[in-house]
Amino acid sequence: MAGRVAGKKAFITGGAQGLGAAMARKLASEGAKVTVADINIEGAKAVAAEINAAHGKGTAFAFPLDVTKEDQWIYALEEADEAMGGISVLVNNAGISRGGDIESLSLEDWKLVMSVNVDSVFLGTKHALKYMRGHQPGSIVNISSIAGLIAAHNSPSYNASKAAVWLLSKGIALHCAKQKLDIRSNSIHPTFIDTPILDPLRQRFGKEEAEAKLGRQVPLGHIGEPDDIANAVLYLASDESKFMTGAELKLDGGISAM
Ligand SMILES: NC(=O)c1ccc[n+]([C@@H]2O[C@H](COP(=O)([O-])OP(=O)(O)OC[C@H]3O[C@@H](n4cnc5c(N)ncnc54)[C@H](O)[C@@H]3O)[C@@H](O)[C@H]2O)c1
């Protein structure tokens, strides 16, 4: 199949819904094979089935994965490598948020967010490189957040975890370059995007008011769509970005320009 990522084999975490599902659909529509890995295996299977219905059987696969568990990473990567005939793209997308300022956030929630958002990138990259070495050029795309670059008063664990992903991505880029691997590593920094991650806010203020409230913080005046991020992943997964590594792409409607 022709396309901007024809022949690529992408492993996407947190692909059962939201941004990860949009990324899987986008990469498959541009010729890649995709693995949708998620703690929500039913959701992951549904996304893979939908992609296979659109692009043919054997385009998408679904495997269960809790990104905080090393043994599950080892198993899922092995399965995906066999199913897709290799791995050339790793998208570390799974992530969570927990509210609470520095005085009210529990240690339990702090550790949970750090584990899902940061341990995931460490474990995924550590174990995926073994497979990616055999399928160069490769690309690692880490979904950080604009909250990894700009702090808020009420999201210490989310801020800290996404900042860690930002610098970890650069360290991985330098490691790969030093190893003379043609494997790039970059981070993406979205602002508010229309996915279920915003549901707690929608429940609190009502959908319209919640989205309007968030939109008022964005110079472009509204929140983003999942495809705004999926298109950036497509660019980073493709060889069009072959000279880009250790960089960050801010998709924030202008927030960081202020
Ligand atoms: N939507 C936004 O506004 C926004 C903005 C900036 C950054 N992000 C980041 O984008 C990424 C995707 O967010 P989203 O909006 O699609 O969120 P979402 O909540 O809609 O989807 C997250 C997915 O990750 C999965 N997941 C959660 N914990 C997991 C675990 N331990 N192991 C495996 N999978 C797990 C969930 O099952 C779900 O399918 C996250 O890293 C998030 O922090 C989102």
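The residues of the stretch 80-109 that are within 15 Å of the ligand (Cβ to nearest atom) and among the charged types (D, E, K, R), listed by number, are Arg98, Glu108, Asp109. Restricting the stretch 191-206 to residues that are more than 8 Å from the ligand (Cβ to nearest atom) and among the hydrophobic types (A, V, I, L, M, F, W, C) leaves a set whose member that is nearest to Leu234 (Cα to Cα) is Leu201. I'd like to know if the stretch 43-51 contains one or more residues that are away from the ligand (no atom under 15 Å from the Cβ), over 16 Å from Val89 (Cβ atoms) and not polar (S, T, N, Q). Looking through the stretch 43-51, at least one residue is away from the ligand (no atom under 15 Å from the Cβ), over 16 Å from Val89 (Cβ atoms) and not polar (S, T, N, Q). Each residue in the stretch 192-223 was checked for being polar (S, T, N, Q) and within 16 Å of Ile146 (Cα to Cα), and 2 of them qualify. Checked against (1) closer than 19 Å to Val89 by Cα; (2) surrounded by fewer than 17 Cβ atoms within 10 Å (Cβ to Cβ); (3) within 16 Å of the ligand (Cβ to nearest atom), Ala151 passes all but condition (1). Of all residues in the stretch 9-42, exactly one satisfies the criterion of being more than 13 Å from the ligand (Cβ to nearest atom) and either without any contact (Cβ under 8 Å) to a residue 24 or more places away in the chain or polar (S, T, N, Q) (or both), namely Ser29.
Taking (1) more than 22 Å from Ser187 (Cβ to Cβ); (2) in contact with a Gly (Cβ under 9 Å, 6 or more places away or on another chain); (3) acidic (Asp, Glu) in turn, Glu103 satisfies each apart from (2).
Each row is one residue, and each column tells you yes or no for (1) surrounded by fewer than 18 Cβ atoms within 10 Å (Cβ to Cβ); (2) modelled with pLDDT of 95 or more; (3) farther than 16 Å from Leu90 by Cβ; (4) away from the ligand (no atom under 16 Å from the Cβ).
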position: Val165; (1), (2), (3), (4): no, yes, no, no
position: His175; (1), (2), (3), (4): yes, yes, no, yes
position: Lys178; (1), (2), (3), (4): yes, yes, yes, yes
position: Asp182; (1), (2), (3), (4): yes, yes, no, yes
position: His189; (1), (2), (3), (4): no, yes, yes, no
position: Glu208; (1), (2), (3), (4): yes, yes, yes, yes
position: Glu211; (1), (2), (3), (4): no, yes, yes, no
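The values are calculated or read from the model by the stated rules, or taken from the named source; none is laboratory data. Given the structure is predicted, the values throughout are model-derived calculations rather than measurements. Don't worry about glycine lacking a Cβ; one is built from the backbone with ideal geometry, like all the others, and counts go over all protein chains shown.
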